Structures are given as structure tokens and as C-alpha cells.
1. Take residue 241 and residue 294, extend 7 Å from each Cα along the Cα→Cβ direction, and tell me the distance between the two endpoints in nm.
2. Full-extension gain between residue 266 and residue 314, please, as 0.36 nm times their residue separation minus the C-alpha to C-alpha distance.
3. Expressed as an acute angle from 0 to 90° and rounded to the nearest 10, what is the orientation of the C-alpha long axis of helix 190-201 relative to the principal long axis of the chain?
4. List the residues of region 296-313 whose backbone N lies under 16 Å from a point placed 7 Å from the Cα of residue 99 along the Cα-to-Cβ direction.
5. How would you classify region 1-139 from its alpha-carbon gyration tensor, with a ≥ b ≥ c the square roots of the eigenvalues: rounded for a/c under 1.5, else prolate if a/b is greater than b/c, otherwise oblate?
6. Could you identify which residue out of 245, 145, 284 has the top mean-square fluctuation in a GNM of the chain using Cα springs shorter than 10 Å?
7. In a Gaussian network model over the chain where Cα atoms closer than 10 Å are linked, find which of 264, 337, 197 has the largest mean-square fluctuation.
8. Place a label point 7 angstrom from the Cα of residue 79 along the Cα-to-Cβ direction, then list the residues of region 86-109 whose backbone nitrogen is under 15 Å away.
Ligand code: NAP
Ligand code: ZN
Ligand code: ZN
């Protein structure tokens, strides 16, 4: 706790009901294994909003959100081997973990038994207090939790891969989604649109479920073979008991039973959305015919690098709307209205004076 710190500019929520506003935070001076990154772009995840507004009932204030970070290396510690000054680099949802438990050893740091250190609202092991995220001009992270940005990707559109990308890539890979399978993606937001792109790239037959009739054309353009407006009971009925796998990326209350019903024998519904309130499940929708319902959180560091490299090989990035940070409160209001096409990304140049 004796490290030297420097101030950087950021945007923070001071309370659950306050707008985000300029705020200066401390960043530690780079230690031997640390990388100091000048943040160029930060994606806007719905989790940022859930957390800042205390919808998960664990927020420590002030809260500086942001875990889809792309930047340039400004300084490296004496023992850093993966990066040099000037390299592009990226940071996702985690900045550390215990590194010794079975999950960490298996490359599943997100399931660290001692809990990973999240990029924001985590416990800062160096400076004390809470960690602060990417709605800021700079960050210092141990190189083990810093990703390489492959050549050839648009940098702003790469930022959302660090959460929306890995959070959909990982469960689709885990379920071994591929040719011959019928796969559903629920909700066309930041996560959902990456889910559609990955499921299509993996070779599955992809069906998008949306509550927004205005997103049907986009869904097809993004790679879905079929788009179903989920409020249309007849259209839903047609897909009864036919899916191998469905990924649910909805940010708010909704009826998961409607999607369990669409799974065939031994099919799986994986939840990645994290709404504030519990989602009731009817027992019989699981029992008949024998269905699975589980969840998935982001992905490990090695798999995140694998995902970035996959994206570079396949030309996959996020569809984004680039905003100055001064528009962040407006962007959050639009997220709540399901009005995002399909990820806001903050151009951090707007915060540098
Ligand atoms: P987002 O961009 O706001 O997208 C959410 C989408 O959900 C909306 O675009 C909308 O799609 C659908 N939706 C919203 N309200 C709905 C409602 N009342 N009923 C039905 N559908 C509704 O959010 P995101 O950034 O993709 O995040 C999605 C969720 O995943 C959030 O809860 C977030 O916290 C969580 N998350 C989890 C992880 C993880 O590790 N598991 C990682 C990141 C985020 P349509 O308009 O197409 O219906
Ligand atoms: Zn996120
Ligand atoms: Zn661990």
C-alpha cells in the first residue's frame, strides 16, 4: 500500500442516482511486471450501468466503470516481456486473480476461487480501496492480464471484444457450437450482436430472437439465418423443442421459460445476461424433455487472446457508435431504451485536455 500514485482524469458516478461526471483518480506507478497504458477507446457495457446504479447491490463509490479497454503502452516495468512502449494493448473485465487455485491454473481466471480482481469495483491490491475502470485516460495493469491487439483490426471497434466479444465467444466454444447445430441468440444488444457474429462464424444455423421489430433487418445483415420477434407467439411456437443451444444476452426482466421451451432433448440455455432480479424457471420446462440451464461469465485470459486472434483472422469486430465521453449519460439512457446499434465506444481523446 506504499506505492507511488499519479492522478489521471476519469468519469465517475458518486452515488447510485447520480450522473457520471469528471473525477480524478489515482493510478499506481508501474511496478516491475506492470504495463502502463494510455487508453484510446473504451466500450460501454450494460454491466457498467448495472454497477454504477448499484443494481447488483455491491457498488463501492465513487465508481469509474469501463472494462473494454484498448490503448497504447506508455511504460513497462523492468520484468515485462510481452510488451514494449508503443505497442497496442487491451484490458478486459479482470486485472488480477490469485493465479494458484485450480480455476486460475486451468486458465479460467474469471472463476478464481478467491474471486478475480475485476477492472472496476474490485479490491485494489496495490493502492487499497476499489479498482477504477476504463472511463479514464490511463490504467496500470500486470502484464499477465493485458492482451495483445492483433494487426489489422479497427481499434475502436475492437474495444467491445474485450467483454461483449469474449462473453459470447466463450460459452459458444464451450458448447462446441458448429455446423449442423441450430443455435439461438436472445437480445440484439452489445453481447447479442457479437453472439450472432460468432455463432455464424462457427458454422451453426443461427436464429436471433429480438423484442425490437426494427432490428430484424440488422439481425440478418449481422449473420442470423432467421430473426424471430419474440413477442410473436406463433413465430415462437414454430421453433418449439428444436434448438441445440440458446445464448440469452438480455439485460432486463424477461421470461426464460419461453426459451427453455425451444430446446430439444439435452439442449442447453446459457445465461450471460445479468438482470437485477431473479428469473423464475418452471420445473417442467427443464424436466421434459431433459434440458440444461446454466450460466457463463466472460472468459479466461488465454481464451480472450484466442478470441482476439480469431477475430483478426476472420475480420470480426463490433458494430459501434463512437461517442465523446461527455455524451455518456445520454448513451446510458439509450441503452435502457434498447436503442444501441450495437455498442457505444468512448473516444478517450475527448477526455484529454
Ligand atoms: P445491451 O447492449 O443493453 O443489450 C441488451 C439487449 O437485451 C437489448 O438490446 C434488447 O435486445 C434486450 N432487452 C433489453 N431489455 C429487454 C427486456 N425488458 N425484455 C427483453 N429483452 C430486452 O446490453 P449488453 O451490454 O449486451 O449486456 C447484456 C447483459 O449481459 C447485461 O445484463 C450485462 O450486465 C450482462 N453481461 C454479462 C457478462 C457475463 O460475463 N456474463 C458480461 C457482460 C455483460 P432486443 O432489442 O433485441 O430485444
Ligand atoms: Zn461487460
Ligand atoms: Zn484463483
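None of the figures in this text is laboratory data; all of them are computed from the coordinates on show. This is a predicted model, so every value here is computed, not measured. Here the Cβ is made from the backbone with ideal geometry for all residues, glycine too, and neighbour counts use every protein chain on show.
1. It works out to 2.4 nm between the two label points.
2. Extending this stretch completely gives an extra 14.2 nm.
3. Tilt relative to the chain: about 70 degrees.
4. 301-302
5. Verdict is oblate for region 1-139.
6. In this elastic network of the chain, the residue with the biggest mean-square fluctuation among 245, 145, 284 is 284.
7. Top of the fluctuation ranking is 337.
8. Flagged as within label range: 97, 99-100.
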